[in-house]
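The values are calculated or read from the model by the stated rules, or taken from the named source; none is laboratory data. All values derive from a computational prediction rather than experimental measurement. With ideal geometry, Cβ positions are generated from the backbone for all residues, glycine too; neighbour counts draw on all protein chains shown.
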Amino acid sequence: MAGAPPFPQPSGLQAWLLSAEPNSRWQARFGRGYLGWRSFTNNPLAILGLGIVVLLVLVAAFADFIAPYSPVVGGDLRTERLLPPSETFWLGTDDQARDIFSRIVYGSRITLFVVILVSVIATPIGLLVGTVAGYLGGWVDTVLMRITDIFLAFPRLVLALAFVAALGPGIENAVIAIAITSWPPYARIARAETLMIRNSDFIAAVKLQGASTPRIIMGHVVPLCLSSLIVRVTLDMAGIILTAAGLGFLGLGAQPPMPEWGAMVATGRNYLIDQWWVAAMPGIAIFMVSLGFNLLGDGLRDVLDPKAAK
């Protein structure tokens, strides 16, 4: 239309990030990250999920300042036991006269500890198994994938129960058991990605330059598998939380008096009719954090999935 104002052109830092001809590798990476962030922020549910996860991290980091009471030491059992939510006890008290809000706040540390540690242990295992199997093929692929299939044949919670029963109850053993049952899906995804890229021209060029197999896998194949794996790990964090809560509910996870959310729900089931808040409040915390990780994973999938329509 004649006389219409021109579209505003980016300037300053934005122009540097959106440059069609970046001057360095770092400029290209920052520009790609900026475009991904813009795409991510266009999804309100993803922003909500990110907010819930950030809130979880902040609550865990500043639990000492947020919680008004001790998470393990209760009050007077004669006057402060099983009290409903009030101005004094925001979410009520449990059967040991402990403040439920304080226990949920400190329990966020246990939840974050389990999620981070399981991800740190399971992701590299699955990534290594999948890329090695997909790149080498042959009998190596057959052996590694059959081992993976054995783990996938059992429901995660059932397999975790078996490992915890063998290792003994406790939060550390629960983390190990969950990690052992979490890596097979990552291996499957990494293998599928590797099969698509192992015969690519750039892999052939790297071979012609004399690169060894470990260098090709670690330097060229693994980085290309990371985006799909990050999305899957983020989506799996909700399942990790639920598995940890299930182990705690059955008494095989964190042991009393640790304020683990699943164990809190198990304690509250005895008072579900009359004192519903004892089980409902930690249950709501599990639901909200699981929802946050799911929403965040959906948002990251839209940004990081190279096969998604843009």
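What the table shows:
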| read-out | value |
| --- | --- |
| Selected residue [surrounded by fewer than 24 Cβ atoms within 10 Å (Cβ to Cβ), within 28 Å of Cys225 (Cβ to Cβ) and more than 19 Å from the chain's Cα centre (by Cα)] from Gly134, Gly130, Gly138 | Gly138 |
| Yes/no for Leu127 being at positive phi and of a type outside the set (Lys, Arg) | no |
| Check on Thr181, more than 30 Å from Leu247 (Cα to Cα), of a type outside the set (A, V, I, L, M) and touching a residue at least 40 places away in the same chain (Cβ under 8 Å) | no |
| Filter pass, Asp95 being closer than 26 Å to Ile171 by Cβ, acidic (Asp, Glu), in contact with a strand residue (DSSP E or B) (Cβ under 7 Å, 6 or more places away or on another chain) and touching a residue at least 24 places away in the same chain (Cβ under 8 Å) | no |
| Test: residue in the range 195-208 that is in a helix (DSSP H, G or I) and under 18 Å from Thr123 (Cα atoms) | no |
| Top-ranked residue in the range 163-188 [being among the β-branched types (Val, Ile, Thr) and either in a loop (DSSP other than H, G, I, E, B) or over 16 Å from the mean Cα position of the chain (by Cα) (or both); ranked as nearest to Gln255 (Cα to Cα)] | Ile171 |
| Candidates Leu226, Leu296, Leu252, filtered to the one that is in a helix (DSSP H, G or I) and either at pLDDT below 90 or within 17 Å of Arg109 (Cα to Cα) (or both) | Leu226 |
| Flag for Ala285 being at pLDDT 90 or above and among the aliphatic types (A, V, I, L, M) | yes |
| Residues of the range 65-101 that turn out to be small (Gly, Ala, Ser) and within 13 Å of Pro257 (Cα to Cα), as a count | 3 |
| Pair list, Cβ < 6 Å and 6+ apart or interchain, from the range 109-137 residues that are under 25 Å from Gly292 (Cβ atoms) and in contact (Cβ under 8 Å) with a residue 60 or more places away in the chain to residues that are acidic (Asp, Glu) and outside any helix (DSSP H, G or I) | Ile110/Glu260 |
| Hits in the range 255-271 - residues which are surrounded by fewer than 24 Cβ atoms within 10 Å (Cβ to Cβ) and either in a helix (DSSP H, G or I) or of a type in the set (Gly, Ala, Ser) (or both) | Val265, Ala266, Thr267, Gly268, Arg269, Asn270, Tyr271 |
| Among (1) over 26 Å from Ala166 (Cα atoms); (2) in a helix (DSSP H, G or I); (3) at pLDDT 85 or above; (4) among the charged types (D, E, K, R), the one test that Asp274 misses | (2) |
| Arg191 basic (Lys, Arg), closer than 18 Å to Cys225 by Cα and in a helix (DSSP H, G or I) | yes |
| Answer residue from the range 188-242, given it is of a type in the set (D, E, K, R) and under 24 Å from Val289 (Cβ atoms) and is surrounded by the fewest Cβ atoms within 10 Å (Cβ to Cβ) among those | Arg232 |
| Lone unmet requirement of (1) in contact with a Phe, Trp or Tyr (Cβ under 7 Å, 6 or more places away or on another chain); (2) at pLDDT 75 or above; (3) more than 30 Å from Trp261 (Cα to Cα) for Leu17 | (2) |
| Residues that are over 27 Å from the mean Cα position of the chain (by Cα) and surrounded by fewer than 18 Cβ atoms within 10 Å (Cβ to Cβ), drawn from the range 47-71 | Pro68, Ser70 |
| Options Val231, Val175, Val222: the member that is in contact with a Lys or Arg (Cβ under 7 Å, 6 or more places away or on another chain), touching a residue at least 40 places away in the same chain (Cβ under 8 Å) and farther than 17 Å from Ile150 by Cα | Val231 |
